[in-house]
Amino acid sequence: MKNDNNLFYVCSLIEYIARETKNTRNDVVNCLNHDLQRIYDYADVFHCEPIEKVADDFIERASIPIGNYDNLCCCRYALPDYWDIGEVFARLVEDCYGGIDVMDGVREVYGSWLADKILNFNSDLYYQPRDYIAACYREGKILSA
């Protein structure tokens, strides 16, 4: 499957904004709402700016409040960066929603049961092969190895 660079940018920006505002990734997706499509359509332009600036602009534009969700504070191991996690989510969307509106796929994946499992950085799920993560998503459970 072809990697969608714009989708990768959208998912990485979601991760960055969630970390900065201490919101769940699904809350960020819901706050960005229609801006998700704009970010996707113009990702090649947005990525020319520092992600910190783009995030600040969208945090302000969407009035994303500071929350109290912090999955990073409990991480006992090396913390994956927002690009790494953006890639995991982008691949999951590509693998499970490649034939439909990509933003619908983003909303479905970030609102799913698997999002919290991936974001538990004390587990090894986020660095498992993409086909395994997609199979877990499709089956609705973590599969045995």
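Couplings for the stretch 80-85, taken from phi via the Karplus curve 6.51 cos²θ - 1.76 cosθ + 1.60 with θ = phi - 60°, read x, 7, 5, 5, 4, 6 Hz in order; Gly and Pro are left as x.
Quick one: Cα centre-to-centre distance for the stretch 13-37 and the stretch 68-145, in angstrom? After rounding, the separation between the Cα centres reads 15 Å. Taking only the Cα atoms of the stretch 1-72, the ratio Rg/Rh comes out at 0.96, with Rh defined as the Kirkwood radius.
Computed over the chain with a Gaussian network model linking Cα atoms closer than 10 Å, the most mobile of L36, L13, L79 is L79.
Couplings 3J(HN,Hα) of the stretch 100-109, computed from phi: 10, 4, 4, 5, 5, x, 4, 4, 5, 5 Hz, in residue order, whole Hz [Karplus 6.51 cos²θ - 1.76 cosθ + 1.60, θ = phi - 60°; x for Gly and Pro]. The relative contact order of the chain, computed from alpha carbon pairs under 8 Å that lie at least 6 residues apart in sequence, is 31 percent.
The Kirkwood radius of the stretch 29-115, taken over pairs of alpha-carbon atoms, gives through the Stokes-Einstein law at 37 °C and 0.692 mPa s a diffusion coefficient of 224 µm² s⁻¹.
Divide the volume of the convex hull around the Cα atoms of the stretch 77-132 by the residue count and you get 73 Å³ per residue.
By the Kirkwood approach, averaging reciprocal distances over each pair of separate Cα atoms, the chain gets a hydrodynamic radius of 15.3 Å.
Couplings 3J(HN,Hα) of the stretch 28-35, computed from phi: 5, 4, 5, 5, 6, 6, 6, 5 Hz, in residue order, whole Hz [Karplus 6.51 cos²θ - 1.76 cosθ + 1.60, θ = phi - 60°; x for Gly and Pro].
Each Lys and Arg Cβ is given +1 and each Asp and Glu Cβ -1; about its Cα centre, the chain then shows a dipole of about 420 debye.
Each principal axis of the Cα atoms in the stretch 60-104 has its own extent, and those three values, largest first, are 37, 31, 14 angstrom. Per residue, the stretch 1-134 exposes an accessible area of 51 Å² to a 1.4 Å probe, with every protein chain left in place. Expressed as a whole percent, the accessible surface of the chain that belongs to carbon and sulfur atoms is 48, based on a 1.4 Å probe.
When the charge dipole of the stretch 1-91 is built from unit charges on Cβ atoms (+1 for Lys and Arg, -1 for Asp and Glu) and taken about the Cα centre, the candidate among F8, Q37, V88 whose Cα reaches farthest toward its positive end is V88.
The values are calculated or read from the model by the stated rules, or taken from the named source; none is laboratory data. In this text the structure is predicted, and so the values were computed from the model without any measurement. As a convention, Cβ positions derive from the backbone with ideal geometry for all residues, glycine included, and neighbour counts pool all protein chains shown. Side chains included, ligands, DNA and RNA excluded: accessible areas come from the protein's heavy atoms. Shrake-Rupley method; radii C 1.70, N 1.55, O 1.52, S 1.80 Å.
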